[in-house]
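The values are calculated or read from the model by the stated rules, or taken from the named source; none is laboratory data. If you're wondering where the values come from, they're calculated on a predicted model, not measured in any experiment. In this analysis, Cβ positions are derived from the backbone assuming ideal geometry, glycine residues included, and neighbour counts consider all displayed protein chains.
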Amino acid sequence: MATNQNLQAKLREGVEAARRGDKIAARRLLQQVLIADKNNEIALMWMASVSDTLDDRRAYLRRVLQINPNNPRAREALARLGETAPAAGGATRADAPTVPDFSSRRSGRSPNYYLIAAAFVAVAVIAVIAFAVLNSPTVRLTPTATNVANVIGTFDAQSTVLAQRNVTPTAGTALPTELPGIVVTFNPNEVALLPPTFTPTFTHTPLPTATLAPTAIPAEAYELLHSDYDPALGRGSLYIGDTATSRRIGQNEMAYDDSAYDSQSDRVIFVGPVYYEPEGDRPEIFAEEIFIAPMSNVENFTQLTRTRATRLQQPQWSPDGSRILFSADVDGDEDLFLMNTDGSAIAQLTNNDAVDTAARFRFDGLIVFASDVETPGFTEIYTIKADGSELTRLTNHPGNSYAPAWSPDGTRIAYINDQGGDGDLYVMDANGQRPFLLTIDDSGAEDRTPVWSPDGLWVAFSSNRQDDAFGWYATDLRGSSVWQILPSSARVPQTLTFMALKGEN
């Protein structure tokens, strides 16, 4: 039993590392799972997503289909990698390549001369086609409904709300703002889930000066609270300040992970470790619990939960500051929970075998979150009411969609999708329509943790787009400009809160 629990813990840690873009840690943990359980379907699927070579990705997907020929995700991903999957339910090929052997892998590998010859032929064919296209005046690329096209996207809060309420705009109503960028129509037959490249080494280049709409309030105008994970300390810390300077607050011995600030009570909640001694049949355990503290003295904290959860994350305040939303693993997978701010009346909102995480409240109490409840191993974005009813799926994209965040007016959702091999920032309507790619060309950077500006005119996010170190960046809603708002460091950003405009406290 203990061995199985350890294996499940390693699997969860490996999946979490893959989701946050730490491919090295993910491969290490998932390899340990596969050494003990070579037929672990979820571990094989995630290994396919974090592998650096096409051959390895195909091998993991073939192995999944040997175990479960009816796995639709594996069949779909293998098809995108240019290989026809065996018929569902049919016999597997006896000569199918096997998953890499971790115990005997060598650092080098012999060249495949057949592939080299095929590459030369492919290059020649591409050159001939390119010459024909460039010299033919009648050849044009005609976009179809399934292409990823450079088009004009429109996002307008007022028009969206009117459309939802079936209200016709009156004379003089402003037309939707045009946002030139990329409106993405996801088609599983045309968009690659597992691209052939991996994140390159980054070269430092100066970022452009921020270009905001005339009425937008820049990040420099706000007081900021952020929590960062410090690998040197092995825990998260709290920082307060602005875009120019910040200082660490709180005890050095305490972990301040996944912080969230409530302006109405001037309090902060965060996640910290708790050691529980053995009790009866229950063994000792290091759990994660939620703490609360006044901003005036974050060292004067109080423990709110005693869930004994091995994984608890991302607590969030309700719009009125009366309840706290969080996800916790108390039965082998993360579910969503809601409780009072004193830790009482804990209610479980989801109860399934899936991973439910990254939940966020809208101003009216509607919750958005990521889950793999219908797509095991791959998360999509859902909404649910605060009483656990009306579960609604919003996305159906290749790869994983996760880290959703409501815009202040509730008409849009910013989120991350990794169908391109790294996390990229998207925005969509509140009903899941019109997904719009904001970080169009980031040289393979890993984008995470979107946070809307309080005025809703730009989106902050963490990224490693400079020197492969993470910092906080921002982009306008056209996706035409990206600028840095907090410098990169050896720490890993977790959360960012715009506390108030300077001078308003």
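Here are some notes:
- Residue check, residue 306 basic (Lys, Arg), assigned by TED's automatic domain parsing to the domain that holds residue 344, in a strand (DSSP E or B) and at negative phi: no
- Residues in the range 368-393 that are part of a loop (DSSP other than H, G, I, E, B) and within 24 Å of residue 13 (Cα to Cα): 372, 373, 374, 375, 376, 377, 378, 379.
- Here is the figure for the range 335-379: residues that are charged (D, E, K, R) and under 20 Å from residue 410 (Cβ atoms) total 3.
- Restricting 369, 361, 436, 378 to those that are over 13 Å from the mean Cα position of the chain (by Cα) and closer than 24 Å to residue 312 by Cα reduces the list to 361.
- Residue 292 being among the aliphatic types (A, V, I, L, M), in the same structural domain as residue 334 (by TED's automatic domain parsing), under 20 Å from residue 328 (Cα atoms) and in contact (Cβ under 8 Å) with a residue 40 or more places away in the chain: yes
- Residues of the range 387-409 that are surrounded by 18 or more Cβ atoms within 10 Å (Cβ to Cβ), small (Gly, Ala, Ser) and touching a residue at least 40 places away in the same chain (Cβ under 8 Å): 399, 403, 405, 407.
- Test: residue in the range 18-38 that is under 20 Å from the mean Cα position of the chain (by Cα), crowded, with 23+ Cβ neighbours inside 10 Å, charged (D, E, K, R) and part of a helix (DSSP H, G or I): yes
- Residues of the range 27-44 include none that is small (Gly, Ala, Ser) and at pLDDT below 80.
- Among the residues listed as 298, 268, the single one being in a strand (DSSP E or B), in the same structural domain as residue 449 (by TED's automatic domain parsing) and crowded, with 18+ Cβ neighbours inside 10 Å: 268
- Residue in the range 14-26 that is of a type in the set (Lys, Arg) and at pLDDT 75 or above present: no
- Some residue of the range 445-452 being over 21 Å from residue 360 (Cα atoms), touching a residue at least 40 places away in the same chain (Cβ under 8 Å) and not acidic (Asp, Glu): yes
- Scope the range 379-398; condition of a type in the set (A, V, I, L, M, F, W, C) and modelled with pLDDT under 90; matching residues: none
- In the range 222-262, the residue that is modelled with the lowest pLDDT out of those that are part of a loop (DSSP other than H, G, I, E, B) and over 19 Å from residue 487 (Cβ atoms) is 252.
- Restricting 77, 85 to residues that are of a type in the set (A, V, I, L, M, F, W, C), in a loop (DSSP other than H, G, I, E, B) and over 29 Å from residue 494 (Cα atoms) narrows the list to 85.
Each row is one residue, and each column tells you yes or no for (1) more than 14 Å from residue 426 (Cβ to Cβ); (2) buried (at least 21 other Cβ atoms within 10 Å of the Cβ); (3) under 19 Å from the mean Cα position of the chain (by Cα).
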{"site": "445", "(1), (2), (3)": "yes, yes, yes"}
{"site": "450", "(1), (2), (3)": "no, yes, yes"}
{"site": "455", "(1), (2), (3)": "yes, no, no"}
{"site": "458", "(1), (2), (3)": "yes, yes, yes"}
{"site": "462", "(1), (2), (3)": "yes, yes, yes"}
{"site": "470", "(1), (2), (3)": "yes, yes, yes"}
{"site": "475", "(1), (2), (3)": "no, yes, yes"}
